[in-house]
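Here the structure is laid out as structure tokens; the discussion comes afterwards.
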Amino acid sequence: MQATRHSLFCHGSGCAPVTAVDQYDVVILGAGAAGMMCAAVAGQRGRRVLLIDRADEPGKKILISGGGRCNFTNLHAAPDRYISANPHFMKSAMSRYSQHDFIGMVDRYCIAWHEKTLGQLFCDGSARQIVAMLAEECAMGGVEMALGADVTGVEHRDGAYFVSFGARRAAAPALVIATGGPSIPKMGATGYAYDLARHFGLKVVEPRPALVPLTLGGDEALFRSLSGVSAEVITRCGKTSFREAALFTHKGLSGPAILQISSYWRHGQEIGVDFLPAEGEAWLAALKRAKPRATVRSALGGKLPDRLAEALAERLELAGELGNLTDKALNAAERRLADWRFKPNGTEGYAKAEVTVGGIDTAGLSSKSMEAKRVPGLYAIGEAVDVTGWLGGYNFQWAWASGWAAGNAI
Ligand SMILES: Cc1cc2nc3c(=O)[nH]c(=O)nc-3n(C[C@H](O)[C@H](O)[C@H](O)COP(=O)(O)OP(=O)(O)OC[C@H]3O[C@@H](n4cnc5c(N)ncnc54)[C@H](O)[C@@H]3O)c2cc1C
């Protein structure tokens, strides 16, 4: 018998014995990607499942994902494409429920899909098809959904979790935290998962916005005048690099290459940008020999969008014809173009972040079942946990895999 007694967020009559307590085998908080997968799997294994969400429909982030087409997984999903204080934690769940398992489900529902780029799989039609598929899987498992229901209290006593929501109360020996991270608060995203986890004694790795545009200030604010210009670049932060498109914005830098590197960036750090990843060594000196009357501006103009070429040439301060410039100066310019340093002064924050890095510390969870090691019956899955994927379908794959793992363990 469980001796501990916890309660959380009891507002007014929220935790008062106003109504009968409905009994379930598991209550899942959050009907997003991870919560729906977990509910479907547990339900189909014969568990009585209650799935609660404050939103009025399930899977709202799925609906807006991938520009409405949901980048639902990635062909190249592998542990090295995830960030976590424990880089091994996700291996068990991801190997037991892989991208191919999810593709198999999508195919069973005859949802047409395509690979856009870099292994990223999108629906041909609409993200709604993914939500409908998961809702159907939940229905097959007899899952009861309580939508538009704010959770007002969670208590743990006598081996059971008591959850108050709306005017109802439910009890179950298992409780799953699947309320995601705080990215995009205007969609109802909250840090509730962290509060609940801390309440039950779990640690939380400091969360921060990820897959998020970076902002530029000081002298670098001048680059903001390039707003709308994009180019294929390599971005670097520490030992991590990405070759994709970057986009200048009126606040700083965005585009896939920047969003990717933002997950690794910390305040005070510089990022490096290679504006000409396709060029070989000493290409400017070689151009000088082939076209001595060309200029740095015209050389860049042939390889980059015009406004970007102009801005970079101005900052390189190498006026005149290449033939009149030394190889040393040209090689130094080339090195700078291959590793242009930006020191972002921040990010656009949770309002624009696709995900959150950090979250419930995996040290307190079983990698096999997602159950808290010291709090029997408490599970945490999806973005709430300190596992964050790259851009490109990796985050949904983690949501499916962790939801599947918990759903099979409950
Ligand atoms: C604009 C955007 C586009 C994205 N596109 C992609 C993509 O194409 N591919 C990809 O892999 N990832 C994408 N992501 C990331 C992906 O959406 C998340 O990683 C994923 O949804 C996490 O799943 P989850 O179930 O853990 O959390 P969520 O899907 O966020 O679900 C959490 C649920 O909990 C509910 N909730 C929160 N607080 C409470 C509370 N207190 N009480 C009750 N319910 C609560 C929320 O309403 C929500 O339904 C995108 C994210 C954004 C913001």
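Largest first and in whole Å, what are the equivalent-ellipsoid semi-axes of the range 160-204 based on the Cα gyration tensor, each being the root of 5 times an eigenvalue? Don't skip to the end; give the middle numbers.
Values: eigenvalues 87, 49, 12 Å².
So the three semi-axes of the range 160-204 are 21, 16, 8 Å.
Could you estimate the translational diffusion coefficient of the range 345-410 from the Stokes-Einstein equation, with Rh from the Kirkwood formula over C-alpha pairs, at 25 °C and 0.890 mPa s, in whole µm²/s? Present the calculation step by step, with values, prior to reporting the outcome.
Numbers: Rh = 12.7 Å.
Stokes-Einstein gives a translational diffusion coefficient of 193 µm²/s.
In the structure shown, do any of Lys186/Lys368; Lys91/Lys203; Lys91/Lys239; Lys203/Lys251 have a Cα-Cα gap over 25 Å, and if so which? The partial results should precede the final answer.
Details: Lys186/Lys368 33 Å; Lys91/Lys203 21 Å; Lys91/Lys239 22 Å; Lys203/Lys251 34 Å.
Lys186/Lys368; Lys203/Lys251, as the Cα separations exceed 25 Å there.
Taking a cut-off of 19 Å, what percent of all Cα-Cα pairs in the range 91-214 are separated by more than that?
Looking at the range 91-214, the distances longer than 19 Å represent 68 percent of pairs.
Enumerate the calculated ³J(HN,Hα) couplings along the range 79-90 in order (Karplus 6.51 cos²θ - 1.76 cosθ + 1.60, θ = phi - 60°), each rounded to whole Hz, writing x wherever the residue is Gly or Pro.
x, 6, 9, 10, 10, 6, 4, 10, x, 8, 4, 6
Across the range 164-173, in residue order, what do the Karplus-derived ³J(HN,Hα) couplings come to in whole Hz, using 6.51 cos²θ - 1.76 cosθ + 1.60 with θ = phi - 60° and x for Gly and Pro?
Each residue's phi maps through the Karplus curve to give 9, 8, x, 9, 10, 9, 9, 9, 7, x Hz.
Give the long-range amide H neighbours of Gly166: residues separated by 5 or more places, or on another chain, with amide H under 5 Å away, using H modelled in the peptide plane at 1.01 Å from N.
Asp150, Thr152
Which peptide among 163-172, 54-63 comes first, and what is the full order, when sorted by highest mean count of other Cβ atoms within 10 Å?
Details: 163-172: 20.2, 54-63: 18.6.
Top of the packing list down: 163-172, 54-63.
Based on the Cα gyration tensor of the range 116-156, what are the three equivalent ellipsoid semi-axes, each the root of five times an eigenvalue, rounded to whole Å and given largest first?
Working: eigenvalues 190, 46, 21 Å².
Sorted largest first and rounded, they come to 31, 15, 10 Å.
Kirkwood hydrodynamic radius of the range 19-129 from all distinct Cα pairs, in Å? List each step's numbers first, then the result.
On the way: mean 1/r = 0.0631 Å⁻¹.
About 15.8 Å, per the Kirkwood formula over Cα pairs.
For q values of 0.09, 0.14, 0.20 Å⁻¹, compute log₁₀ I(q)/I(0) with the Debye formula on a Cα-only model of the range 192-345, without solvent.
-0.35, -0.72, -1.21
Over the range 42-125, what is the relative contact order in whole percent, taking alpha-carbon pairs under 8 Å and six or more residues apart? Let's see the in-between values first.
Values: 66 pairs, mean separation 26.5, N = 84.
Once normalised by length, the contact order is 32 percent.
So how far, in whole Å, is the C-alpha centre of the range 173-210 from the one of the range 72-127?
If we compute the Cα centre of each part, the gap is 23 Å.
From the P(r) of the range 72-147, could you give the percentage of C-alpha pairs in the tail past 17 Å?
Working: 1578 of 2850 pairs.
Cα-Cα pairs in the range 72-147 separated by more than 17 Å: 55 percent.
So with the 1.4 Å probe, I'd like the accessible area per residue for the range 317-410, rounded to whole Å². Intermediate values should be presented prior to the final figure.
Details: 3480 Å² over 94 residues.
About 37 Å² of surface per residue is accessible.
At q = 0.11, 0.18 Å⁻¹, what is the base-10 log of I(q)/I(0) for the range 293-410 according to the Debye formula with one equal point scatterer per Cα and no solvent? Please give it to two decimals.
Evaluating at q = 0.11, 0.18 Å⁻¹ gives log10 I(q)/I(0) of -0.61, -0.91.
Enter the mean projected area of the convex hull around the alpha-carbon atoms of the range 108-176, in nm², rounded to one decimal. If you can, show how the numbers build up before the last one.
Numbers: hull surface 28.9 nm².
Computed as one quarter of the Cα hull surface, the answer is 7.2 nm².
Per residue of the range 330-341, in order, report the coupling 6.51 cos²θ - 1.76 cosθ + 1.60 (Karplus, θ = phi - 60°) as ³J(HN,Hα) in whole Hz, putting x for Gly and Pro.
5, 5, 5, 4, 4, 4, 5, 5, 7, 8, 6, 8
Could you look at the chain and say what percent of its accessible area is carbon and sulfur, using a 1.4 Å probe and all protein chains?
Numbers: 8940 of 17240 Å².
In the chain, the share of accessible area belonging to carbon and sulfur is 52 percent.
Compute the acute angle (0 to 90°) between the alpha-carbon long axis of helix 99-108 and the principal axis of greatest extent of the alpha-carbon atoms of the chain; round to the nearest 10°.
70 degrees
Work out Dmax and Rg for the chain from the C-alpha atoms and quote the Rg first, both in angstrom.
Rg then Dmax for the chain, in Å: 25.0, 88.
Could you list which residues have their amide H under 5 Å from that of Arg69, counting only those 5 or more apart in sequence or on another chain, with H placed in the peptide plane?
Correct list: Ala127.
Quote the accessible area belonging to Lys291 in square angstrom, nearest 10, computed with a 1.4 Å probe and with ligands, DNA and RNA left uncounted.
120 Å²
Would you please give the residues with an amide H less than 5 Å from that of Ile83, counting only those at least 5 places away or on a separate chain, with H modeled from the backbone geometry?
When sequence neighbours closer than 5 places are left aside, the close amide H contacts are Thr388, Gly389.
Ranked highest first by the average count of other Cβ atoms within 10 Å around their residues, in what order do 126-132, 377-383 fall?
Values: 126-132: 19.7, 377-383: 28.7.
Highest-to-lowest ranking by the protection proxy: 377-383, 126-132.
The values are calculated or read from the model by the stated rules, or taken from the named source; none is laboratory data. Keep in mind it's a predicted model, so treat the numbers as computed, not measured. Please note: Cβ atoms are built from the backbone with ideal geometry, for glycine as well, and neighbour counts cover all protein chains shown. Heads up: the accessible areas ignore ligands, DNA and RNA and are worked out on the full protein's heavy atoms, side chains in. Shrake-Rupley method; radii C 1.70, N 1.55, O 1.52, S 1.80 Å.
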